[in-house]
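Participant: Here it is, the structure, as C-alpha coordinates.
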Amino acid sequence: MYLAIISDIHSNYMALENALCQLEGLHPDGMIFLGDYLTDFPYPQNTLRLIDECRATFPCWFVRGNREDYLLAHRRDPTDGWRYSSSSGSLLYTYENVTKDDLDRFESMPISIDIDFAALTGDSSLPPLSACHASPRATKEWIMNRPALIEQRLSEVKGSALLCGHTHRGGIAESNHKRVIFCPSVGLPQDRRPGAKFLLLEPKRGVWRYRTYIADYDKDKMAAEFERSGLSEKAGVWAKCIIRSMYEERDFAARCVALAWRIAASEKFDGAVLPEEYWERAARELGII
(Lines give C-alpha, C1' and ligand atoms only; values in the text may rest on other atoms or scores of the structure.)
Protein backbone atom coordinates (compact mmCIF):
# COMPACT_ATOMS: atom_id res chain seq x y z
CA MET A 1 0.00 0.00 0.00
CA TYR A 2 1.21 3.47 -0.93
CA LEU A 3 -0.32 6.64 0.52
CA ALA A 4 0.35 10.15 -0.76
CA ILE A 5 0.53 12.78 1.98
CA ILE A 6 -0.24 16.39 1.01
CA SER A 7 0.14 19.19 3.54
CA ASP A 8 -0.02 22.98 3.71
CA ILE A 9 -1.05 23.89 0.17
CA HIS A 10 -1.92 27.48 1.12
CA SER A 11 -3.75 28.01 -2.21
CA ASN A 12 -0.58 27.43 -4.25
CA TYR A 13 -2.43 25.59 -6.97
CA MET A 14 0.52 25.55 -9.37
CA ALA A 15 2.66 23.67 -6.87
CA LEU A 16 -0.20 21.30 -6.08
CA GLU A 17 -0.95 20.66 -9.76
CA ASN A 18 2.66 19.72 -10.51
CA ALA A 19 2.85 17.52 -7.43
CA LEU A 20 -0.31 15.71 -8.53
CA CYS A 21 1.11 15.22 -12.03
CA GLN A 22 4.12 13.53 -10.47
CA LEU A 23 1.87 11.43 -8.25
CA GLU A 24 0.07 10.00 -11.28
CA GLY A 25 3.17 7.96 -12.09
CA LEU A 26 3.50 6.74 -8.49
CA HIS A 27 0.01 5.16 -8.38
CA PRO A 28 -0.92 5.75 -4.73
CA ASP A 29 -3.71 3.73 -3.17
CA GLY A 30 -5.05 6.77 -1.36
CA MET A 31 -4.31 10.32 -0.27
CA ILE A 32 -4.24 12.01 3.11
CA PHE A 33 -4.53 15.81 3.25
CA LEU A 34 -3.25 17.54 6.37
CA GLY A 35 -4.97 20.92 6.26
CA ASP A 36 -4.14 24.54 5.50
CA TYR A 37 -5.59 24.13 2.04
CA LEU A 38 -6.13 27.84 1.42
CA THR A 39 -4.97 31.44 2.12
CA ASP A 40 -1.77 33.26 1.12
CA PHE A 41 -1.73 32.49 -2.63
CA PRO A 42 -4.20 33.71 -5.29
CA TYR A 43 -7.23 31.98 -6.81
CA PRO A 44 -8.16 29.57 -3.99
CA GLN A 45 -10.92 28.11 -6.14
CA ASN A 46 -8.25 26.52 -8.36
CA THR A 47 -6.84 24.63 -5.37
CA LEU A 48 -10.30 23.45 -4.38
CA ARG A 49 -10.92 22.20 -7.93
CA LEU A 50 -7.74 20.12 -7.84
CA ILE A 51 -8.69 18.67 -4.45
CA ASP A 52 -12.10 17.72 -5.82
CA GLU A 53 -10.38 15.91 -8.69
CA CYS A 54 -8.32 13.95 -6.16
CA ARG A 55 -11.45 13.10 -4.22
CA ALA A 56 -13.03 11.72 -7.39
CA THR A 57 -9.97 9.63 -8.25
CA PHE A 58 -8.61 8.24 -4.97
CA PRO A 59 -9.79 7.29 -1.53
CA CYS A 60 -9.04 10.50 0.41
CA TRP A 61 -8.88 11.53 4.05
CA PHE A 62 -8.97 15.15 5.21
CA VAL A 63 -8.22 17.04 8.41
CA ARG A 64 -8.77 20.72 9.10
CA GLY A 65 -5.91 23.21 9.56
CA ASN A 66 -5.62 26.49 11.40
CA ARG A 67 -6.17 28.47 8.19
CA GLU A 68 -9.55 26.81 7.75
CA ASP A 69 -10.31 27.68 11.37
CA TYR A 70 -9.55 31.35 10.64
CA LEU A 71 -12.01 31.36 7.73
CA LEU A 72 -14.69 29.63 9.79
CA ALA A 73 -14.19 32.05 12.69
CA HIS A 74 -14.71 34.95 10.29
CA ARG A 75 -17.94 33.40 9.06
CA ARG A 76 -19.16 33.22 12.65
CA ASP A 77 -18.09 36.80 13.36
CA PRO A 78 -17.72 38.99 10.26
CA THR A 79 -17.22 42.04 12.53
CA ASP A 80 -13.73 40.84 13.49
CA GLY A 81 -12.03 43.73 11.71
CA TRP A 82 -10.73 41.96 8.62
CA ARG A 83 -9.95 44.44 5.86
CA TYR A 84 -7.64 44.75 2.89
CA SER A 85 -4.30 45.34 4.59
CA SER A 86 -1.06 43.57 5.40
CA SER A 87 -2.63 42.19 8.58
CA SER A 88 -5.73 40.50 7.19
CA GLY A 89 -6.01 41.24 3.48
CA SER A 90 -4.89 37.77 2.39
CA LEU A 91 -7.46 36.12 4.64
CA LEU A 92 -10.25 38.42 3.49
CA TYR A 93 -9.36 37.87 -0.18
CA THR A 94 -9.56 34.10 0.34
CA TYR A 95 -12.83 34.32 2.24
CA GLU A 96 -14.40 36.34 -0.56
CA ASN A 97 -13.34 33.73 -3.12
CA VAL A 98 -14.84 30.64 -1.49
CA THR A 99 -18.44 29.51 -1.22
CA LYS A 100 -20.71 28.53 1.63
CA ASP A 101 -20.37 24.90 0.53
CA ASP A 102 -16.57 25.19 0.71
CA LEU A 103 -16.78 26.52 4.27
CA ASP A 104 -19.30 23.85 5.24
CA ARG A 105 -16.88 21.22 3.98
CA PHE A 106 -14.07 22.65 6.08
CA GLU A 107 -16.33 22.72 9.13
CA SER A 108 -17.16 19.04 8.66
CA MET A 109 -13.48 18.05 8.73
CA PRO A 110 -12.11 16.73 12.02
CA ILE A 111 -8.84 18.08 13.41
CA SER A 112 -7.53 14.55 13.92
CA ILE A 113 -8.30 11.11 12.50
CA ASP A 114 -7.33 7.50 13.23
CA ILE A 115 -7.36 5.17 10.22
CA ASP A 116 -7.55 1.41 10.72
CA PHE A 117 -6.26 0.13 7.40
CA ALA A 118 -6.38 -3.49 8.55
CA ALA A 119 -10.14 -3.18 9.05
CA LEU A 120 -10.59 -1.26 5.78
CA THR A 121 -8.63 -3.67 3.60
CA GLY A 122 -8.71 -6.97 5.48
CA ASP A 123 -4.90 -6.98 5.53
CA SER A 124 -3.90 -7.49 9.16
CA SER A 125 -0.27 -6.56 8.40
CA LEU A 126 -1.18 -2.91 7.87
CA PRO A 127 -0.54 -0.82 11.00
CA PRO A 128 -3.02 1.87 12.09
CA LEU A 129 -2.22 5.44 11.17
CA SER A 130 -3.27 8.78 12.67
CA ALA A 131 -3.23 12.22 11.07
CA CYS A 132 -3.72 15.83 12.13
CA HIS A 133 -2.64 19.28 11.06
CA ALA A 134 -0.62 20.55 14.03
CA SER A 135 -1.54 18.17 16.84
CA PRO A 136 -4.48 15.91 17.74
CA ARG A 137 -5.58 18.53 20.27
CA ALA A 138 -5.48 21.79 18.29
CA THR A 139 -4.85 23.09 14.79
CA LYS A 140 -2.12 25.50 15.99
CA GLU A 141 -0.33 23.52 18.70
CA TRP A 142 3.38 23.28 17.85
CA ILE A 143 4.87 19.94 18.87
CA MET A 144 8.02 19.78 16.73
CA ASN A 145 11.17 19.67 18.92
CA ARG A 146 9.07 19.33 22.10
CA PRO A 147 9.73 15.72 23.22
CA ALA A 148 7.45 15.69 26.27
CA LEU A 149 4.51 17.01 24.26
CA ILE A 150 5.21 14.57 21.44
CA GLU A 151 5.16 11.68 23.90
CA GLN A 152 1.85 12.87 25.33
CA ARG A 153 0.18 13.41 21.97
CA LEU A 154 1.34 10.03 20.65
CA SER A 155 -0.27 8.39 23.67
CA GLU A 156 -3.59 9.95 22.68
CA VAL A 157 -3.86 8.49 19.16
CA LYS A 158 -4.46 4.95 17.95
CA GLY A 159 -1.97 4.98 15.11
CA SER A 160 1.53 3.59 15.33
CA ALA A 161 2.51 6.75 13.45
CA LEU A 162 1.05 10.26 13.58
CA LEU A 163 1.22 12.48 10.50
CA CYS A 164 1.55 16.20 11.23
CA GLY A 165 1.74 19.25 8.98
CA HIS A 166 1.84 22.88 10.15
CA THR A 167 5.62 23.18 10.49
CA HIS A 168 6.21 23.37 6.70
CA ARG A 169 9.30 21.23 7.33
CA GLY A 170 9.87 17.51 7.23
CA GLY A 171 11.24 15.37 10.03
CA ILE A 172 10.57 12.48 12.36
CA ALA A 173 10.42 11.95 16.12
CA GLU A 174 9.90 8.73 18.09
CA SER A 175 8.57 7.91 21.54
CA ASN A 176 7.49 4.60 23.10
CA HIS A 177 7.68 2.69 19.80
CA LYS A 178 5.51 5.25 18.02
CA ARG A 179 6.59 7.99 15.65
CA VAL A 180 5.52 11.42 14.49
CA ILE A 181 6.16 12.09 10.82
CA PHE A 182 6.29 15.82 10.14
CA CYS A 183 5.23 16.46 6.57
CA PRO A 184 6.76 19.27 4.50
CA SER A 185 4.64 21.78 2.63
CA VAL A 186 3.49 21.52 -0.95
CA GLY A 187 2.58 25.18 -1.26
CA LEU A 188 4.99 27.09 0.96
CA PRO A 189 8.06 25.06 2.02
CA GLN A 190 10.27 26.59 4.70
CA ASP A 191 13.21 24.21 4.67
CA ARG A 192 15.43 26.13 2.19
CA ARG A 193 15.18 23.28 -0.32
CA PRO A 194 13.61 24.28 -3.64
CA GLY A 195 10.37 22.74 -4.81
CA ALA A 196 6.91 21.66 -3.71
CA LYS A 197 7.19 18.68 -1.38
CA PHE A 198 4.95 15.74 -0.56
CA LEU A 199 5.40 12.30 0.97
CA LEU A 200 4.75 8.78 -0.23
CA LEU A 201 4.11 6.50 2.71
CA GLU A 202 4.23 2.70 2.83
CA PRO A 203 4.31 0.07 5.58
CA LYS A 204 7.43 -2.07 5.84
CA ARG A 205 7.58 -4.80 8.49
CA GLY A 206 4.81 -3.15 10.46
CA VAL A 207 6.31 0.36 10.40
CA TRP A 208 5.14 3.31 8.30
CA ARG A 209 8.07 4.63 6.28
CA TYR A 210 8.19 7.48 3.82
CA ARG A 211 9.99 9.07 0.93
CA THR A 212 9.96 12.79 0.17
CA TYR A 213 9.20 13.83 -3.40
CA ILE A 214 9.84 17.25 -4.89
CA ALA A 215 7.90 18.82 -7.76
CA ASP A 216 9.07 22.03 -9.41
CA TYR A 217 6.77 24.74 -10.77
CA ASP A 218 7.06 28.14 -12.41
CA LYS A 219 7.52 30.59 -9.53
CA ASP A 220 7.72 33.60 -11.83
CA LYS A 221 4.35 32.69 -13.27
CA MET A 222 2.88 32.34 -9.79
CA ALA A 223 4.35 35.69 -8.72
CA ALA A 224 2.59 37.26 -11.72
CA GLU A 225 -0.68 35.75 -10.52
CA PHE A 226 -0.46 37.83 -7.34
CA GLU A 227 -0.64 40.95 -9.50
CA ARG A 228 -3.26 39.65 -11.93
CA SER A 229 -5.58 38.54 -9.13
CA GLY A 230 -5.29 41.78 -7.17
CA LEU A 231 -3.94 39.94 -4.13
CA SER A 232 -0.70 41.94 -4.10
CA GLU A 233 -2.63 45.17 -3.62
CA LYS A 234 -5.14 43.71 -1.17
CA ALA A 235 -2.60 41.98 1.09
CA GLY A 236 0.16 44.59 1.02
CA VAL A 237 3.43 43.63 2.69
CA TRP A 238 2.06 40.18 3.57
CA ALA A 239 1.80 39.29 -0.12
CA LYS A 240 5.38 40.43 -0.68
CA CYS A 241 6.50 38.24 2.22
CA ILE A 242 4.76 35.21 0.74
CA ILE A 243 6.33 35.77 -2.67
CA ARG A 244 9.78 36.09 -1.10
CA SER A 245 9.16 32.94 0.96
CA MET A 246 8.10 31.11 -2.19
CA TYR A 247 11.41 31.87 -3.86
CA GLU A 248 13.69 31.27 -0.88
CA GLU A 249 11.82 28.58 1.13
CA ARG A 250 12.12 30.65 4.34
CA ASP A 251 9.36 32.08 6.53
CA PHE A 252 9.64 35.77 5.72
CA ALA A 253 6.05 36.40 6.83
CA ALA A 254 6.71 35.29 10.40
CA ARG A 255 9.98 37.22 10.50
CA CYS A 256 8.30 40.37 9.23
CA VAL A 257 5.39 40.12 11.67
CA ALA A 258 7.72 39.60 14.63
CA LEU A 259 9.95 42.52 13.68
CA ALA A 260 7.00 44.82 12.98
CA TRP A 261 5.58 44.13 16.45
CA ARG A 262 8.98 44.77 18.04
CA ILE A 263 9.23 48.12 16.27
CA ALA A 264 5.69 48.98 17.30
CA ALA A 265 6.33 48.01 20.92
CA SER A 266 9.48 50.14 21.02
CA GLU A 267 7.29 53.12 20.14
CA LYS A 268 4.66 52.26 22.78
CA PHE A 269 2.02 51.13 20.27
CA ASP A 270 -0.61 49.15 22.19
CA GLY A 271 -3.29 48.46 19.58
CA ALA A 272 -4.53 45.07 18.40
CA VAL A 273 -3.88 45.53 14.67
CA LEU A 274 -0.51 46.66 13.31
CA PRO A 275 -0.64 49.88 11.27
CA GLU A 276 0.85 49.64 7.79
CA GLU A 277 3.78 51.86 8.71
CA TYR A 278 5.21 49.15 10.99
CA TRP A 279 4.77 46.48 8.36
CA GLU A 280 6.58 48.62 5.82
CA ARG A 281 9.43 49.53 8.16
CA ALA A 282 9.98 45.88 9.05
CA ALA A 283 9.82 44.84 5.41
CA ARG A 284 12.40 47.44 4.43
CA GLU A 285 14.71 46.37 7.24
CA LEU A 286 14.47 42.74 6.06
CA GLY A 287 14.98 43.70 2.42
CA ILE A 288 11.51 42.51 1.40
CA ILE A 289 10.61 45.90 -0.12
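The values are calculated or read from the model by the stated rules, or taken from the named source; none is laboratory data. Source: prediction; values computed, not measured. We place every Cβ from the backbone using ideal geometry, glycine too, and count neighbours over all the protein chains shown. We work out accessible area using only protein heavy atoms, side chains counted, and drop any ligands, DNA or RNA first. Shrake-Rupley method; radii C 1.70, N 1.55, O 1.52, S 1.80 Å.
Participant: So what are the ³J(HN,Hα) numbers for the stretch 241-250, from phi and the Karplus equation (6.51, -1.76, 1.60; θ = phi - 60°), rounded to whole Hz, Gly and Pro as x?
Facilitator: Result, ordered by residue: 5, 5, 4, 5, 4, 4, 6, 10, 6, 10 Hz.
Participant: Dipole magnitude of the stretch 78-214 about its Cα centre, charges +1 at Lys/Arg Cβ and -1 at Asp/Glu Cβ only, in debye to the nearest 20?
Facilitator: For the stretch 78-214, the charge dipole is close to 680 debye.
Participant: Can you list the HN-Hα couplings for the stretch 180-197, worked out from phi with the Karplus curve (6.51, -1.76, 1.60; θ = phi - 60°), rounded to whole Hz and with x for Gly and Pro?
Facilitator: 9, 10, 7, 9, x, 8, 6, x, 8, x, 9, 10, 6, 10, x, x, 6, 10
Participant: Round to the nearest 0.05 the FRET efficiency obtained for Glu174 and Arg137 when R0 = 22 Å and r is the Cβ-Cβ distance.
Facilitator: Result of the calculation: an efficiency of 0.65.
Participant: Under the Karplus relation 6.51 cos²θ - 1.76 cosθ + 1.60, θ = phi - 60°, what is the ordered set of whole-Hz ³J(HN,Hα) values for the stretch 30-40, x standing for Gly and Pro?
Facilitator: Result, rounded to whole Hz: x, 9, 10, 10, 10, x, 6, 6, 10, 6, 5.
Participant: Tell me which trypsin sites (Lys or Arg not before Pro) from the stretch 108-186 have a DSSP coil assignment and no more than 15 other beta carbons within 10 Å of their own.
Facilitator: For trypsin sites (Lys or Arg not before Pro) across the stretch 108-186 that sit outside H, G, I, E and B with at most 15 neighbouring Cβ atoms in 10 Å, the list reads Arg137, Lys140, Lys158.
Participant: Follow-up question, since we're still on this one. Ignoring ligands, DNA and RNA, what percent of the 1.4 Å accessible area of the stretch 35-181 is carbon and sulfur?
Facilitator: The computed percentage sits at 50.
Participant: Whole Å is fine, so just give me how far the alpha carbon centre of the stretch 40-99 lies from that of the stretch 270-286.
Facilitator: Using only Cα atoms, the two centres lie 25 Å from each other.
Participant: Do any trypsin sites (Lys or Arg not before Pro) in the stretch 1-85 lie in a loop, going by DSSP, with at most 13 other beta-carbon atoms within 10 Å of their beta carbon, and if so which?
Facilitator: Arg83
Participant: Next question. Is there a quick way to get the dipole size of the stretch 35-154? I mean about its Cα centre, with the Cβ of Lys and Arg at +1 and of Asp and Glu at -1; what is the value in debye to the nearest 20?
Facilitator: That gives a dipole near 260 debye.
Participant: Same structure, new question: So, by mean Cβ neighbours within 10 angstrom, what's the order for 20-27, 232-239 with the highest one leading?
Facilitator: Top of the packing list down: 232-239, 20-27.
Participant: So in the stretch 1-141, what percent of DSSP beta bridges are antiparallel if you round to the nearest 5?
Facilitator: Looking only at bridges with both residues in the stretch 1-141, the antiparallel portion is about 35 percent.
Participant: Mind giving me the nanometre distance, one decimal, between the label points for Ser125 and Arg83, set 7 Å out from Cα along Cα→Cβ?
Facilitator: Inter-label distance under the simple model: 6.2 nm.
Participant: Here's a follow-up. Residues with beta-carbon under 10 Å from that of Val157, excluding Val157: net charge, scoring Lys, Arg +1 and Asp, Glu -1?
Facilitator: Charge balance near Val157 sits at +1.
Participant: First select every other residue whose beta carbon is under 15 angstrom from the beta carbon of Lys234; then total the charges, Lys and Arg +1, Asp and Glu -1.
Facilitator: Around Lys234, the surrounding residues sum to -3.
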